[in-house]
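Only one structure is covered here, and it is reproduced in the block below.
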Amino acid sequence: MCYGCDNSKNQLSSIIAPSILSANFTTLGQDVSKLFLNNSDWIHIDIMDGHFVPNISIGLPVIQQLRELLPDSKRFFFDCHMMVSEPERWVEQVANFGGSQFTFHYESTTNPTELIALIKKNGMKAGCALKPKSVVDDKFLKIVDSLDMVLIMTVEPGFGGQKFMKDMMPKVRKLRARFPKLNIQVDGGLTQETVVAAGEAGANVIVAGTSVFKAKNQAETIQLLRNEVEKNIRPKL
Ligand code: DX5
Ligand code: ZN
């Protein structure tokens, strides 16, 4: 089953996905419950292996424990950003532990088409991420039709708290022009200021770690991020 997938409507909508990499891991359960109370649509779970990226973060049992912890937990969408080599190895386990979407890195696999099929066979949505140096070329565009989401990284993956790379926006624009209904996610350095450029370019799924967790008023910050996205998608509905 795909947990929380009923929430991902068939129509383009604003989706705010706070990254729990910026949470306090000693109180992670409470932090995540609070995110949903404050109207987060998804949570973004950054899985790193210390090989594909130079950092180690959260492991798969955390997905499982969060899924078990949340009351009525089937409602919640867990967006798993897999910054790992050999992503194929982890699809089944992420699905069994309660992941809703499995976003692999285009750079981490030699056979994205097969991997997308495997993710879907395991009942999850399939996302594909591009590192800053990777381009949206014809070869990449060929796989987009089979994806539920494309993630355009706006920092080098591996760490929270980095500066938003505005020069990634042409990639977002190019995708939005060709795929009006596609979920396009941006991840890295998103704040109330930088979300303006992301929204204008056509991103509708906003990952935000530092800005949501350091916010004085978390609910208000989430709402402000959402408003910026909606400004741009409303006229297109
Ligand atoms: C970076 C991660 C991001 C990160 C974003 O590799 O993929 O999800 O947590 O954090 P901020 O919003 O602080 O840049
Ligand atoms: Zn991420």
Checklist entry - When ligands, DNA and RNA are left out and all protein chains stay put, how many square angstrom of accessible area per residue does the chain have with a 1.4 Å probe? => result 46
Next on the checklist: For a quick check: with amide H placed at 1.01 Å from N, whose amide H comes under 5 Å from PHE52's, ignoring anything fewer than 5 positions away on the same chain?
Outcome noted: SER85
Checklist entry - In percent, how large is the relative contact order of segment 16-129, given Cα pairs closer than 8 Å and 6 or more residues apart? => result 22
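Residue separation times 0.36 nm, minus the C-alpha to C-alpha distance between LYS181 and ALA117: what's the value? Mind dumping the intermediate values first?
Values: separation 64, 0.36 × 64 = 23.04 nm, distance 2.05 nm.
Gain in length upon complete extension: 21.0 nm.
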Checklist entry - Cα to Cα, under 15 Å, and not fewer than 8 places away if on the same chain: which aspartates and glutamates meet these conditions relative to LYS125? => result ASP6, ASP79, GLU88, GLU92, GLU114, ASP145, ASP148
Checklist outcome for this item: Other residues with Cβ under 12 Å from the Cβ of ASP138 give, with Lys and Arg +1 and Asp and Glu -1, a net charge of +3
Checklist outcome for this item: Here the equivalent ellipsoid of the chain, derived from its Cα gyration tensor, has semi-axes (largest first, whole Å) of 22, 22, 17
Next on the checklist: Within 9 Å, Cβ to Cβ, of HIS81, how many net charges do the neighbouring residues add up to if Lys/Arg are +1 and Asp/Glu are -1?
Outcome noted: -3
Checklist entry - Given the options GLY59, GLY99, GLY127, which has the most mean-square fluctuation in a GNM of the chain, springs set between C-alpha atoms less than 10 angstrom apart? => result GLY59
Checklist entry - Lone cysteines in the chain, going by a 4.7 Å Cβ-Cβ cut-off? => result CYS80, CYS128
Checklist entry - How long is the gain from GLU156 to THR26 if the chain were fully straight, where each residue apart is worth 0.36 nm and the alpha carbon distance is subtracted? => result 44.2 nm
Item to check | Sequence-distant aspartates and glutamates (8 or more away, or on other chains) whose Cα lies within less than 14 Å of LYS131 | outcome: GLU107, GLU156, ASP167, ASP187
Checklist outcome for this item: With the label point 7 Å along the Cα-to-beta-carbon line of GLN223 and a cut-off under 17 Å to each amide N, the hits in segment 35-50 are 35-41
Item to check | Extreme residue, positive dipole direction of segment 143-214, given options MET168, THR210, THR154 (C-beta unit charges) | outcome: MET168
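Cβ under 13 Å from GLY123's Cβ, GLY123 left aside: what net charge do those residues give with Lys, Arg +1 and Asp, Glu -1?
Details: positive: LYS74, LYS120, LYS121, LYS125; negative: GLU92, ASP148.
Once all neighbours under 13 Å are counted, the net charge is +2.
The values are calculated or read from the model by the stated rules, or taken from the named source; none is laboratory data. Worth saying up front: this structure is predicted, and the values here are computed from it rather than measured. Here Cβ is always computed from backbone atoms with ideal geometry, including for glycine, and neighbour counts include all displayed protein chains. With ligands, DNA and RNA removed, areas are computed over all heavy atoms of the protein, side chains included. Shrake-Rupley method; radii C 1.70, N 1.55, O 1.52, S 1.80 Å.
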